[in-house]
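**Q** Submitted below is the structure of interest, expressed as structure tokens.
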Amino acid sequence: MNIAAIATTRRTCKAFDPARKVDPALIEQLKTLLRFAPSSVNSQPWHFIVASSAEGKEKIAATLAGRFEYNAPKVRNASHVVVLCVRRDLDDAHLQALVEQEDRDGRFATPEARETQHNARVFYTTLHRDQLADLPRWTEKQIYIALGSLLFGAAALGIDACPMEGIDAAAIDAALGLEAQGLRCVLLTALGYSGEQDFNAKLPKSRLAEASVISEI
Ligand SMILES: Cc1cc2nc3c(=O)[nH]c(=O)nc-3n(C[C@H](O)[C@H](O)[C@H](O)COP(=O)(O)O)c2cc1C
């Protein structure tokens, strides 16, 4: 398996073929990648909404107006669109749900081990919420780990993708009722297959030279 070949040949899809849909079995694999992405102290501060219906995608596309309008056709023509969201807070109920899941999954040999893990998570959550005052940024960082996994996984499955930060996240929150669910949209990723208008598919990839981004000591 040559994973570098996947990295050097994948491209952001700038225009999807509206007629081509991704096989649901492949979408299930991508959902597994999202769910199993690593996160700091296994905090899993995320929720992923997968839009595959025309109505679902239109709700999102309709928010992409003005300077973000260029991304709307990608949402409409993609096979699936993933809304990558963070939890607005890592509250006690979420922290409790995490430790209970880890317990059910057999990760604790003793009650003390469970306590230690829970306390570590409370410590980091409190550190970011109260001392560093960067809980939203900290949780967003975890989202980008899931994004990396999603993009690489999609490429490995031959699925084209377009991550999108060119969005009005607050408008998406309102359109999907995310605030009431304790969620906040961070970015979108459209999935599908490249269409004829996809100019990026015909362009060579461009990256800085290895020596300027990687050093060895
Ligand atoms: C976090 C993130 C946000 C991005 N937002 C957009 C976007 O809103 N619209 C778009 O067309 N491309 C978007 N891109 C695609 C980048 O422009 C693209 O990844 C970059 O130019 C490198 O090209 P490549 O992915 O084809 O290798 C985004 C990429 C990332 C990683």
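**Q** Pick from Ala54, Ala93, Ala171: which residue has the top mean-square fluctuation in a GNM of the chain where Cα pairs under 10 Å get a spring?
**A** Ala93
**Q** Taking the Cα of Thr12, stepping 7 Å toward and past its beta carbon, and measuring to each backbone N in segment 47-91: which are under 15 Å?
**A** Under cut-off, by backbone N: 68-75.
**Q** On to the next question. Show me, for segment 45-53, the HN-Hα J-couplings you get by feeding each phi into the Karplus relation (A = 6.51, B = -1.76, C = 1.60, θ = phi - 60°), rounded to Hz, glycine and proline as x.
**A** x, 10, 8, 10, 9, 9, 9, 10, 7
**Q** Hey, can you grab everything whose amide H is under 5 Å from the amide H of Val186? Only 5+ residues off in sequence or another chain; H modelled, so Pro and N-termini drop out.
**A** Leu84, Cys85, Val86
**Q** For the chain, which span is the longest to avoid every loop-located (per DSSP) member of trypsin sites (Lys or Arg not before Pro) having at most 12 other Cβ atoms inside 10 Å?
**A** My reading of the result: 1-204 is the longest stretch.
**Q** Same structure, new question: Considering only Ser53, Ser79, Ser149, give the residue with the highest GNM mean-square fluctuation for the chain, with springs between Cα atoms whenever their separation is below 10 Å.
**A** In the Gaussian network model the winner is Ser53.
**Q** Put a dot 7 Å past each Cα toward the Cβ at Ala97 and Arg67; how far apart are the dots in nm?
**A** Taking the two extended label points, one gets 3.4 nm.
**Q** Related question: Can you tell me the length gained on complete extension of the stretch Asp134 to Ala171, counting 0.36 nm per residue apart and subtracting the Cα distance?
**A** Difference between extended and current length: 11.1 nm.
**Q** Give me the one-decimal nm value for the distance between modelled label points at Asp89 and Ala120, 7 Å along each residue's Cα-to-Cβ direction.
**A** Label at Asp89, label at Ala120, 2.6 nm between them.
**Q** So, one more: Based on the mean of other Cβ atoms within 10 Å per residue, sort peptides 41-48, 208-215 so the most packed one is first.
**A** Descending packing order for the listed peptides: 41-48, 208-215.
**Q** Taking a spot 7 Å from the Cα of Lys205 along the direction of its beta carbon, which residues of segment 9-26 have an amide N less than 17 Å from it?
**A** Residues 9-14 fall inside that zone.
**Q** Continuing with this model, one more query. So which lysines can Lys57 reach, going by Cα to Cα under 23 Å and dropping same-chain residues fewer than 8 places off?
**A** Once the sequence-local lysines are set aside, what remains near Lys57 is Lys14, Lys21, Lys31, Lys74.
**Q** So what is the accessible area of the chain per residue, in Å², with the probe set to 1.4 Å?
**A** Per-residue accessible area for the chain comes out at 56 Å².
The values are calculated or read from the model by the stated rules, or taken from the named source; none is laboratory data. Here the structure is a predicted model, which means the values were calculated and not measured. In this analysis, Cβ positions are derived from the backbone assuming ideal geometry, glycine residues included, and neighbour counts consider all displayed protein chains. These area figures cover heavy atoms from the full protein model, side chains too; ligands, DNA and RNA do not enter into them. Shrake-Rupley method; radii C 1.70, N 1.55, O 1.52, S 1.80 Å.
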